[in-house]
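Below is one structure, written out as structure tokens, with a few remarks after it.
Read-outs throughout are calculated quantities, based only on the coordinates presented, and are distinct from any laboratory measurement. Bear in mind the structure is a predicted one, so any value in this text is a computation, not a measurement. Cβ coordinates were reconstructed from backbone atoms using ideal geometry, including for glycine residues, and neighbour counts include every protein chain displayed.
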2 protein chains.
Amino acid sequence: MALIVQKFGGSSVANAERVMHVAETITDTYKAGNDVVVVVSAQGDTTDDLIDKANEINPKASKREMDMLLTAGEQISIALLAMAIEKIGCPVISLLGWQAGFETNNAYGAARIKTVRTERLRAELDKRKIVIVAGFQGLNAAQDMTTLGRGGSDTSAVALAAALHADLCQIYTDVTGVYTADPRKIKNATKLTDITYDEMLELATLGAQVLNNRSVEMAKKYNVEVEVLSSMVKEPGTIVREVAKMEKMLIRGVTKDTDVARISVVGMKDVPGNAFKLFSSLAAKGINIDVILQSVGRDGTKDISFTCAKGNAEQVCALLENLFSNEGATVACDTSIAKVSIVGAGMQSHAGTASKMFGALYEAGINISMISTSEITVSVLIPKEYADKAVAAVHQAFFG
Amino acid sequence: MALIVQKFGGSSVANAERVMHVAETITDTYKAGNDVVVVVSAQGDTTDDLIDKANEINPKASKREMDMLLTAGEQISIALLAMAIEKIGCPVISLLGWQAGFETNNAYGAARIKTVRTERLRAELDKRKIVIVAGFQGLNAAQDMTTLGRGGSDTSAVALAAALHADLCQIYTDVTGVYTADPRKIKNATKLTDITYDEMLELATLGAQVLNNRSVEMAKKYNVEVEVLSSMVKEPGTIVREVAKMEKMLIRGVTKDTDVARISVVGMKDVPGNAFKLFSSLAAKGINIDVILQSVGRDGTKDISFTCAKGNAEQVCALLENLFSNEGATVACDTSIAKVSIVGAGMQSHAGTASKMFGALYEAGINISMISTSEITVSVLIPKEYADKAVAAVHQAFFG
């Protein structure tokens, strides 16, 4: 018998039929002799509908009242899911975030979990009840409802698994696991049996959109074994854990990210402190930047290029023009690019991984405009129109 | 400066426009220098929609999960109303039932309020905040959400007013107050300035559907002054309190109730205990009965007639046939009747009130089939088709 935490997203419980389907998945796990704690998000469009209602009344509503409003969404879904499990005939109880012991800080809309007090959870599990917990929510020290922000329900599930020392945290999604590339695009993309936390973090950052980064970071911190699997297809998913088993595999996957803009500041004075000035001004505005390249320009000037999310490009350009136009530098923005990356802890100990990637791109006739590497990733910027072709070529080189 | 509790029902906050209107009513009271605590129900059809969702999944869902589901409705409306008040620019905070200190017993779906702990409420009022409280809900000793059942939000408002020793509890409704008769039917029906708790209780019982009886009973118990007024029309409503001011008025109003069936058991053996047998068997099933008439029948038998709600008539007849058919009695049911009543504490000290009512009915050519009186009411059963005519004739006799 194991203690298993299962998490289901909003689309998995969007209507009565799907709620019943999820209830069957849960009770199957329970009937196999396991203790089961379930984290569930608000149904389908509930959260968006509530946000629309709020905007109609007051688009500048306080975050405190917004959290009061939005936490009602998960309250509805936990009750409905519990009712579905009652119908199947298994003992069950639904708990709000605060009833399940989620204590957070005061950051309404993006609260951090401080602790999960498990007394109530333990008491319900001791009665052999399936416990359904409202994801995405907690209670702050003032005894007010808070929400955890983006990816909150994944984080709730991992936090619960950590607090309860669960044997496994299953994140049910609309994909059957983590693949070596997007299986909708690359025919011979294969599902990974397992992957390390660090690899998963890089894949999430690089646009693989399977697991929220925050939840993977928490899983890594508390060493929670996470399985990503499908809520519709019954088959084993991908296990995320500290040490992956398949040591022989150099890389775990190939990803692309097209939500990227390249900003270039050309002709800055080559004096100390300009890079600091540039990036600290962006950090002050909370803008994340990625691949950075600095090169020596003409006539004692230097050029700095970096990437950021497309949505931030306009703001970044305006900011940098203010900062550097008086010293004769020009700011350029290119949104016609894509970032293609390979991820794998295995490459740490294997020379030639990067060159194998570059070779594949060269053979496909794709020009690389920037390169960035970390211990477990190699990323290249290429023209956006070649992104899918690049992923296919690189995937073929490593997995073909 | 006064402390005022205001209660708004679901139709008052059904959409964004109405929420803004209610917010203005609240902030007007606040800006006049009062402390304001507001109780609000779920928006419009929210509760019915949630019940539909539950029925689709499991029509036999536990009451515990049903309460978990339904309490989300008020959570949404308090947040939206608080946002509307934020927009107007007044300090405000929304509180769930448990945050506002509502502690109840364990009777999910029909919980009784045990106490209201006012520490948080007082703290927020001390900050000069308008406090918006979710009606209809509380928390039981197991720390689970409960609902108060029918008329729950009225009861929440009166309980808050009692706990906070508020100066006034305003119940906003779709009528402008309590009238001497239904103003949609009787042209010269006049609004009462005030009315006693007992009179209000009789009027509610008799079908005037203005205030829930449970809230009036609580108001009487804790001597809370209640004002019934319109959420749409700005004018003083009707004050419900211990001693009404208009002593000269014999009666307060004329009401009719057409949701009534007359059950007759004819030809029972005239032996002791038959009445007890009859009514205790109904009480055991939780069936409320009203006007009772016992008369001597033919050949040493006796007849008993009484009224009950139409919805219970079939069950009652089946029960009584089981009980009495073996002793030759027959059970008859008449649903073509109506009950017309006059209510007024003044009639206690005035002879002739009943006869004045009977005279008015006689002159209108309406036959009375049963009569029942209490200290402050006189009720008659008449053919249903004459109900409106009877109310008009009696109203004319007393208020014309």
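For the protein assembly as shown, go through all pairs of different Cα atoms, get the mean of 1/r, take its inverse, and jot down that Kirkwood value in Å.
Across the protein assembly as shown, the inverse of the average 1/r is 31.3 Å.
Going by Cα centres, the range B:51-129 and the range A:375-400 are how many Å apart?
Result: 53 Å between the Cα centres.
Tell me the net charge near B:V133. Cut-off is 15 Å between Cβ atoms, B:V133 excluded, with +1 for each Lys or Arg and -1 for each Asp or Glu. Could you put the intermediate results ahead of the total?
Working: positive: B:K7, B:R117, B:R120, B:R122, B:K129; negative: A:E65, A:D144, B:D35, B:E74, B:E103, B:E119, B:E124, B:D154.
Combined, the nearby Lys, Arg, Asp and Glu give -3.
What FRET efficiency would be calculated for the residue pair B:A364, A:K127, taking the C-beta separation as r and a Förster radius of 60 Å, to the nearest 0.05?
0.35
Find me the longest stretch of chain B that has none of the exposed trypsin sites (Lys or Arg not before Pro), where exposed means in a DSSP loop (not H, G, I, E or B) with at most 12 other Cβ atoms within 10 Å. Don't jump to the answer; show the numbers that get you there.
Values: sites that count: B:K60, B:K127, B:R128, B:R184, B:K187, B:K234, B:K245, B:K248, B:K285, B:R298.
Formally, the longest exposed-site-free interval is B:299-400.
Separation between the B:D270 and B:S374 pseudo-spin-labels, each 7 Å from Cα along Cα→Cβ, expressed in nm?
3.1
Which chain A residue puts its Cβ closest to the axis that rotates A onto B, and at what distance in whole Å?
Its Cβ sits closest to the axis: A:A72, 2.
Between A:K221 and the same site in the other copies, what are the distances in nm, shortest first, taking label points 7 Å from Cα along the C-beta direction?
Reported distances to equivalent positions: 4.8 nm.
In the protein assembly as shown, what percentage of the DSSP-assigned beta bridges are antiparallel, given to the nearest 5? Write out the running numbers ahead of the final one.
Working: 88 of 144 bridges.
Bridges in the protein assembly as shown are about 60 percent antiparallel.
Which value in nm describes the separation of the simple spin-label points at A:N15 and B:K221, placed 7 Å from the Cα toward the beta carbon?
Distance between the two pseudo-spin positions: 4.6 nm.
I need B:I85, B:I376, B:I26 ordered by Cβ neighbour count within 10 Å, fewest first. Write down the numbers at each step before the final one.
Numbers: B:I85 29, B:I376 20, B:I26 26.
Lowest count first: B:I376, B:I26, B:I85.
State, to one decimal in nm and shortest first, how far the label point of B:K63 sits from each corresponding label point in the other identical copies (label point: 7 angstrom along Cα-to-Cβ).
Between copies, matching label points for B:K63 lie 4.1 nm apart.
Assuming R0 = 25 Å, can you tell me the calculated FRET efficiency for the pair B:S230 and B:D48, based on Cβ-Cβ distance, to the nearest 0.05? Write out the running numbers ahead of the final one.
Working: r = 24 Å, r/R0 = 0.94.
Result of the calculation: an efficiency of 0.60.
Which GluC sites (Glu not before Pro) does the range A:149-232 hold that lie in a coil by DSSP with at most 11 other beta carbons within 10 Å?
none
For the protein assembly as shown, what is the mean residue ellipticity at 222 nm derived from helices alone (per DSSP H run of n ≥ 4: -39500 (n - 2.57); sum divided by total residues; nearest 500 deg cm²/dmol)? Could the numbers behind the result be given before it?
Values: 22 runs with 276 residues, N = 800.
So the calculated ellipticity at 222 nm is -11000 deg cm²/dmol.
Using the reciprocal of the averaged 1/r over all distinct C-alpha pairs, how large is the Kirkwood radius of the range B:341-387 in Å?
Details: mean 1/r = 0.0900 Å⁻¹.
Result for the range B:341-387, one decimal place: 11.1 Å.
Which residue, B:I113, A:G267, B:G151, has the largest displacement toward the positive end of the dipole of the protein assembly as shown when charges sit on each Cβ (Lys, Arg +1; Asp, Glu -1)?
Projecting each Cα onto the dipole axis, the largest value belongs to B:I113.
Over the Cα atoms of the range A:262-319, how large are the radius of gyration and the largest Cα-Cα distance (Dmax), in Å?
Cα-based Rg and Dmax for the range A:262-319 come out at 11.3, 33 Å.
Please sort by residue number the GluC sites (Glu not before Pro) in the range A:300-400 whose DSSP state is loop and whose Cβ has at most 11 other Cβ atoms within 10 Å.
Values: sites: A:E314, A:E321, A:E327, A:E363, A:E375, A:E385; in loops: A:E375.
Here the GluC sites (Glu not before Pro) that fit, given the DSSP loop and packing criteria, are A:E375.
Which three lengths, in whole Å and largest first, does the range A:3-173 cover when its Cα atoms are put on their principal axes?
Principal-axis extents of the Cα atoms in the range A:3-173, largest first: 49, 33, 23 Å.
Report the one residue of B:F276, B:A166, A:I78 whose Cα lies farthest in the direction of the positive end of the charge dipole of the protein assembly as shown (charges on C-beta: Lys and Arg +1, Asp and Glu -1; origin at the Cα centre).
So the residue we want is B:A166.
Is any helix in chain A, taking whole DSSP H runs, at least 30 angstrom long along its axis by alpha carbon and on average at least 0.0 on the Kyte-Doolittle scale, and which ones? List each step's numbers first, then the result.
Working: long enough: A:63-88 (38 Å, 0.55).
Sorted by number, the helices that extend far enough and score high enough are A:63-88.
List the distances, in nm and shortest first, from the label point of B:P272 to the matching label points in every other copy, placing each point 7 Å from Cα along the Cα-to-Cβ direction.
Nearest to farthest, the other copies are at 11.3 nm.
Looking at chain A, I'd like the Rg to Rh ratio, where Rg is from alpha-carbon atoms and Rh is Kirkwood's inverse mean 1/r.
On the way: Rg = 23.5 Å, Rh = 23.0 Å.
Here Rg/Rh amounts to 1.02.
Sorted from largest down, what three extents in whole angstroms do the Cα atoms of the range B:9-60 have along their principal axes?
Answer, in whole Å and largest first: 49, 21, 10 Å.
For chain B, what is the charge dipole size about the Cα centre, in debye to the nearest 20, if Lys and Arg each add +1 at the Cβ and Asp and Glu each add -1 at the Cβ? Please report the intermediate quantities before stating the final value.
Numbers: 41 positive and 46 negative charges, 74 e Å.
So the dipole magnitude of chain B works out to roughly 360 debye.
How far apart, in nanometres, would the label points at B:Q396 and B:E119 be if each is projected 7 angstrom from Cα along the Cα-to-Cβ direction?
Distance between the two pseudo-spin positions: 6.3 nm.
If r is the Cβ-Cβ distance from A:N326 to A:V243 and R0 is 56 Å, what FRET efficiency results, to the nearest 0.05? If you can, show how the numbers build up before the last one.
Working: r = 53 Å, r/R0 = 0.94.
Result of the calculation: an efficiency of 0.60.
Let me check against my output: what whole-number percent is the relative contact order of chain A, with C-alpha pairs under 8 Å and at least 6 apart? Show your work: numbers first, answer last.
Details: 844 pairs, mean separation 51.5, N = 400.
Over chain A, the number comes to 13 percent.
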